[in-house]
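Enquirer: For reference, the structure I am asking about is given below.
The values are calculated or read from the model by the stated rules, or taken from the named source; none is laboratory data. Just so we're clear, the structure is a prediction, and the values are computed from it rather than from any experiment. Here Cβ is always computed from backbone atoms with ideal geometry, including for glycine, and neighbour counts include all displayed protein chains.
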Number of protein chains: 2
Amino acid sequence: PKIFMKKVLCICRMSKEIAQDDPRKVIHSLKVGLAISLVSLFYYYQPLYENFGLSAMWAVMTVVVVFEYTVGATLGKGLNRTMATFLAGALGVGAHYLASLSGETGEPILIGFFVFVQAAIASFIRFFPTVKTRYDYGMLIFILTFSLISVSGFRDDEVLKMAHKRLSTIFIGGSACVMISIFVCPVWAGEELHYSIAHKLETLGDFLEAFVGEYFKTSKEEESKDNNKSFLEGYKSILNSKSSEESLANFARWEPGHGKFKFRHPWNQYLKIGTLSRQCAYRMEALKEQLNSDTKVSPEIRCTIQELCSEMSLESSMALKKLGSSMRTMTRTSSIETHIANSKAAVKSLNSLLQSSLWKETDFLSIIPAVTVASLLIDIVDCTQEIADSVH
Amino acid sequence: PKIFMKKVLCICRMSKEIAQDDPRKVIHSLKVGLAISLVSLFYYYQPLYENFGLSAMWAVMTVVVVFEYTVGATLGKGLNRTMATFLAGALGVGAHYLASLSGETGEPILIGFFVFVQAAIASFIRFFPTVKTRYDYGMLIFILTFSLISVSGFRDDEVLKMAHKRLSTIFIGGSACVMISIFVCPVWAGEELHYSIAHKLETLGDFLEAFVGEYFKTSKEEESKDNNKSFLEGYKSILNSKSSEESLANFARWEPGHGKFKFRHPWNQYLKIGTLSRQCAYRMEALKEQLNSDTKVSPEIRCTIQELCSEMSLESSMALKKLGSSMRTMTRTSSIETHIANSKAAVKSLNSLLQSSLWKETDFLSIIPAVTVASLLIDIVDCTQEIADSVH
C-alpha cells in the first residue's frame, strides 16, 4: 500500500506538471469530453435515434477517432474519413451489384476476390511517400468501408441504405469534431509551427550568448553563471526536431486561414528555416564539445581572440533573437541587417588577425582549439545570414 | 488524356521502384488482403454468422486497423486493443448498472456525466510521455468502448451480451492478424532495428573512407571518383533518424523472442548506439562543410598532414565497418580493437607533428582549414571508441 500511495502521488505530480506546462492540454481533454457527450445525444433524443438506429454509434466512433490536438490534424482526419467513406461506399455498392449478377455460387467467391484485391492494392498505395504523409488515414478507412459494405452486403440487401447511414453519421460526427476544435479554444498547427520556429531562432541566439559568457569567463566568475547552463543545453531539442516540424507543417496545410495566416501560407518556407536552424545547431554541438575538451587554450591566446569572437557571436546572437521576435510579431526589423553586417565585419578582422605574425611565437598545439572555435563561429555567422535571407 | 496517361505511367514507375526497393512491402500488402479475406469468412460461414451476427464486422474492423508492417507494431496494437476493450467493457457495464439504479430521469444525466468524465481523463492521460509511446492506441480504444457500451446500454438491456460479443470478435480479429504477421513472412521490428544500426555504422565508415579520398585527391584523379559522391551523402540519413529508431525500439519491445534475439533483448542499447552514431554524423556534417569551403589548404600543408589524417580516418573507417559487420553476424571481431588502437596512435603522432616547428614558416590563414579537419577527425576517433565500447 505504501508503494501504491507513492505511485499515486507521483502520477498526481506528473499531471500537475503537464497541466501547468501547457494548460491547453487540459482544455483539449475537456473538449473531447464535450464532443463525445454532444454526439451521445443522438442516442438519447428519440426522433434522431429512430432515424439512425444502431448506426448512430458510427458518430460516436468518428468523434473518438478523429478528434486530435490541433485543428489541422482534426480537419485532415475528418476530411480523409468522410471522403474515403464516400468513395469506398460507392465502390463497395458497385462491387456488391456486380457480384450479385453472377448467381448464388459465384457471389461469395467474387466478393472475396474483390476484397482481397482492393485490400492488397490499397495497402500497397499506403507505402507511397506522398500518400503516407497526407492520406494514410483515408486509405485505411477506404479498406475498412469497402470490406464492411461489400461483405455485409452478402447478408443484407439493404446495402445502399447502410452505406448512406454510415456516410451521414460519419459526416455528423466529423463535423461536430471540426466545429468544436475550431470554435472552442482552437489550437492551430500553423500557429504552433510559426511560434516553435521563432522560439528555435531565439534559442540559438541564447546559446551563442551563453557560449561566449562561458568560454571567455575568468575564473572569478566561475560560480555566478550557473543559470547559463540551461541556455547551453537548449540547442539539443533542435537537433531532432525534424519529424515534429514536418507533421505540424502537414497539419497546417489542412487549415483554413486564421489570424495572421492565410490559407496557402508558405509552410514549406518554415521547413527550410527549420533545416537551416538544425545545421546551425550541429555547429553548436561541435562548439559545445570544445567547452568540455581537455586541451585548454592558454589565457593569452584566448585574450587575443576574445574581443572579435565575442563580437561575432554576440552580433549573430542579436540577429537571431531579433529574427525570432520579428517572426513573432510578423514585422520587419531593419536592425537585423546591421547586426549581420557587424558580425561579418568581425569575421574579416578575425581573419586578418589570425594572419598576422603575432601568432608565430606561441605553442601551436594550444592554438588549435581556439582556431576550431573561431572557424565554427564563422560557420555560424554564415548560417545566420542564410536564415535571415529565408525568413523574409 | 495525354496528361492523364503521363500520370498513370509515373505512378506505375513509382510502384515498381517501391516494389524493387523492398519486396517485403508487396508481401505485406498481400498479407493484409489475406487476413481480411479470412476474417470475412465469418460472414459467409452460416453457423458462425448465427453466433455473432452483425458483431462479426468488429472482426473485419480489427484486422484493418491492427495489421501493421512489423510484427511488433501489430502485436502492440492487438494487445492494446484487446486489453482496452476488456477493461472499458467491464467499466462500461458497471457504469451502466450504476446509472440504471438512479431511475428514469437520472439515468441519461448520470451516463452523460460518466462519459464526459472518462473521456476527459483518458484524453489527458494520453499526454503522459510513457503512455504516449506505448499505450496511446489502447487509451483511444478505451474511450471508444466505454462510450459505446455505456451509451448504447441506455437503449438496450443486452449490454453484457454486447460487451461480450465485441470482446470476442475483436479477440478473433486480433489473433488472426498476429498469427498471419508472425507466421507468413514476418517482418520483425527488432531485426529491422538491429540491421539498420549495423548499416548506419557501415555508412559512417564509408563516409570516412570516401572523405579521405576526396579531400586528399590530386587534380588528376578529379574525374575518376564520381561514385564516391553517394558515400559522401550517406551520413545525411543518419542525422534525422532518431524518431524512426525510437518507434522501432518501441515495437521491438512487444515482440517475443525470434531468431538471434531473446524476448528482453537490450533494445535501449541500440538507441544509445544510435545517439552516438548521430553525434558522429554531426561531426561529418562539419567535415563535409570543409570540402565545400572556398579557402583551400595549400598543397604542401595538405601533404604534411595527409599521411596521418588518412591513417586516422581509414583506421576508424575500418573499425566502424567491422563493428557493423560484427553486429550483423553477432560475433566479436578482435581486429576492431587493433584498428582503434592504430587510429589513436595516429592521433598522437598528428598532435606532435602539429606541435613541431615546421609549421611556423607558412601562412597561418591557410592552415586553419587543415587544423579544423584534423581536430574534427580526432573527435570522430573518440566517437568511434565510444561506439565500440557500447556495441559490446
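Enquirer: If you go through the range B:142-162, how many residues are at pLDDT below 90 and either closer than 18 Å to A:GLU68 by Cα or among the polar types (S, T, N, Q) (or both)?
Expert: Initially, the range B:142-162 is screened for residues at pLDDT below 90, giving B:144-162.
This time we only want the ones that are either closer than 18 Å to A:GLU68 by Cα or among the polar types (S, T, N, Q) (or both), so: B:144-145, B:147, B:150, B:152.
Total satisfying the criteria: 5.
Enquirer: To continue, here is another question. Looking only at the range A:323-350, count how many residues are assigned to a helix (DSSP H, G or I), of a type outside the set (A, V, I, L, M) and free of Cβ contacts under 8 Å to residues at least 24 places away in the same chain. Can you show your working first?
Expert: If we filter the range A:323-350 for residues that are assigned to a helix (DSSP H, G or I), which is where we start, we get A:323-329, A:335-350.
The next check asks that each one be of a type outside the set (A, V, I, L, M); those that pass are A:324-326, A:328-329, A:335, A:337-339, A:342-344, A:348-349.
When the remaining residues are screened for being free of Cβ contacts under 8 Å to residues at least 24 places away in the same chain, the result is A:329, A:335, A:338, A:348.
The number of residues fulfilling the criteria is 4.
Enquirer: Within the range A:161-216, work out how many residues are touching a residue at least 24 places away in the same chain (Cβ under 8 Å) and either under 28 Å from the mean Cα position of the chain (by Cα) or outside any helix (DSSP H, G or I) (or both).
Expert: Final tally of qualifying residues: 39.
Enquirer: For the range B:100-121, name all the residues that are more than 12 Å from chain A (Cβ to nearest Cβ) and touching a Gly at 6+ places or on another chain (Cβ under 9 Å).
Expert: Result: B:SER100, single match.
Enquirer: Can you tell me which residue in the range A:67-91 is farthest from the other protein chains (Cβ to nearest Cβ), limited to those that are buried (at least 24 other Cβ atoms within 10 Å of the Cβ) and assigned to a loop (DSSP other than H, G, I, E, B)?
Expert: Residue satisfying both the conditions and the ranking: A:THR70.
Enquirer: Does B:VAL64 satisfy being modelled with pLDDT of 85 or more, within 12 Å of chain A (Cβ to nearest Cβ), in contact with a Leu (Cβ under 6 Å, 6 or more places away or on another chain) and closer than 25 Å to A:PHE146 by Cα? Outline the logic, then answer.
Expert: On the way: modelled with pLDDT of 85 or more: yes; within 12 Å of chain A (Cβ to nearest Cβ): yes; in contact with a Leu (Cβ under 6 Å, 6 or more places away or on another chain): yes; closer than 25 Å to A:PHE146 by Cα: yes.
Yes.
Enquirer: Okay, next question. Mind checking which pairs have a first residue in the range B:14-36 that is at the interface with chain A (Cβ under 8 Å from one of its Cβ atoms) and a second that is hydroxyl-bearing (Ser, Thr, Tyr) and assigned to a helix (DSSP H, G or I), Cβ under 7 Å, 6 or more apart or different chains?
Expert: Note: pairs meeting the criteria are B:HIS28/A:SER123; B:SER29/A:SER123; B:VAL32/A:SER123; B:ILE36/A:SER147.
Enquirer: If you check A:ALA119 against the conditions, is it within 24 Å of B:LEU34 (Cα to Cα), surrounded by 17 or more Cβ atoms within 10 Å (Cβ to Cβ) and within 32 Å of the chain's Cα centre (by Cα)?
Expert: On the way: within 24 Å of B:LEU34 (Cα to Cα): yes; surrounded by 17 or more Cβ atoms within 10 Å (Cβ to Cβ): yes; within 32 Å of the chain's Cα centre (by Cα): yes.
For A:ALA119, the condition - within 24 Å of B:LEU34 (Cα to Cα), surrounded by 17 or more Cβ atoms within 10 Å (Cβ to Cβ) and within 32 Å of the chain's Cα centre (by Cα) - is met.
Enquirer: Please state which of the following conditions B:PHE127 fails to meet, knowing it meets all the rest: (1) at the interface with chain A (Cβ under 10 Å from one of its Cβ atoms); (2) farther than 30 Å from B:CYS280 by Cβ; (3) under 32 Å from the mean Cα position of the chain (by Cα); (4) in a helix (DSSP H, G or I).
Expert: Going through (1) at the interface with chain A (Cβ under 10 Å from one of its Cβ atoms); (2) farther than 30 Å from B:CYS280 by Cβ; (3) under 32 Å from the mean Cα position of the chain (by Cα); (4) in a helix (DSSP H, G or I) one by one, B:PHE127 breaks only (4).
Enquirer: Let me ask another. Among the residues of the range B:256-263, are any touching an Asp or Glu at 6+ places or on another chain (Cβ under 9 Å) and modelled with pLDDT of 85 or more? Walk me through how you get there before you give the answer.
Expert: Start the filter on the range B:256-263 by keeping residues that are touching an Asp or Glu at 6+ places or on another chain (Cβ under 9 Å), which leaves B:258-261, B:263.
Subset that is modelled with pLDDT of 85 or more: none.
There is no residue in the range B:256-263 that is touching an Asp or Glu at 6+ places or on another chain (Cβ under 9 Å) and modelled with pLDDT of 85 or more.
Enquirer: If you don't mind, there's one more thing I want to ask. Only one of (1) at pLDDT below 75; (2) exposed (fewer than 14 other Cβ atoms within 10 Å of the Cβ) fails for B:ILE301. Which number is that?
Expert: (2)
Enquirer: Restricting to the range A:43-61, and then to whatever is buried (at least 23 other Cβ atoms within 10 Å of the Cβ) and at pLDDT 80 or above, can you tell me which residue is nearest to the other protein chains (Cβ to nearest Cβ)?
Expert: Among them, the one singled out is A:VAL60.
Enquirer: Quick one: in the range A:237-279, of everything that is within 11 Å of chain B (Cβ to nearest Cβ) and not small (Gly, Ala, Ser), which residue is nearest to B:ARG283 (Cα to Cα)?
Expert: It comes out as A:GLN279.
Enquirer: Can you tell me how many residues in the range B:241-255 are part of a loop (DSSP other than H, G, I, E, B) and under 19 Å from B:TYR135 (Cβ atoms)? Step through it out loud before you land on a result.
Expert: Of the range B:241-255, the ones part of a loop (DSSP other than H, G, I, E, B) are B:241, B:255.
Next, only the ones that are under 19 Å from B:TYR135 (Cβ atoms) stay: B:255.
Qualifying residue count, the range B:241-255: 1.
Enquirer: Cβ-Cβ under 8 Å, sequence separation 6+ or interchain: first residue in the range B:249-271 and closer than 13 Å to B:GLU192 by Cα, partner buried (at least 20 other Cβ atoms within 10 Å of the Cβ) and among the hydroxyl-bearing types (Ser, Thr, Tyr). Which pairs?
Expert: Every condition considered, the pairs that remain are B:ALA249/B:TYR270; B:PHE251/B:THR70.
Enquirer: Right, something else. Quick check: anything in the range A:22-38 surrounded by 10 or more Cβ atoms within 10 Å (Cβ to Cβ) and over 20 Å from B:GLN118 (Cα atoms)? Break it down into steps so the answer makes sense when it comes.
Expert: We begin by selecting, within the range A:22-38, every residue surrounded by 10 or more Cβ atoms within 10 Å (Cβ to Cβ); these are A:22-38.
Filter once more, keeping what is over 20 Å from B:GLN118 (Cα atoms): A:22.
Looking for residues that are surrounded by 10 or more Cβ atoms within 10 Å (Cβ to Cβ) and over 20 Å from B:GLN118 (Cα atoms), one finds at least one in the range A:22-38, hence yes.
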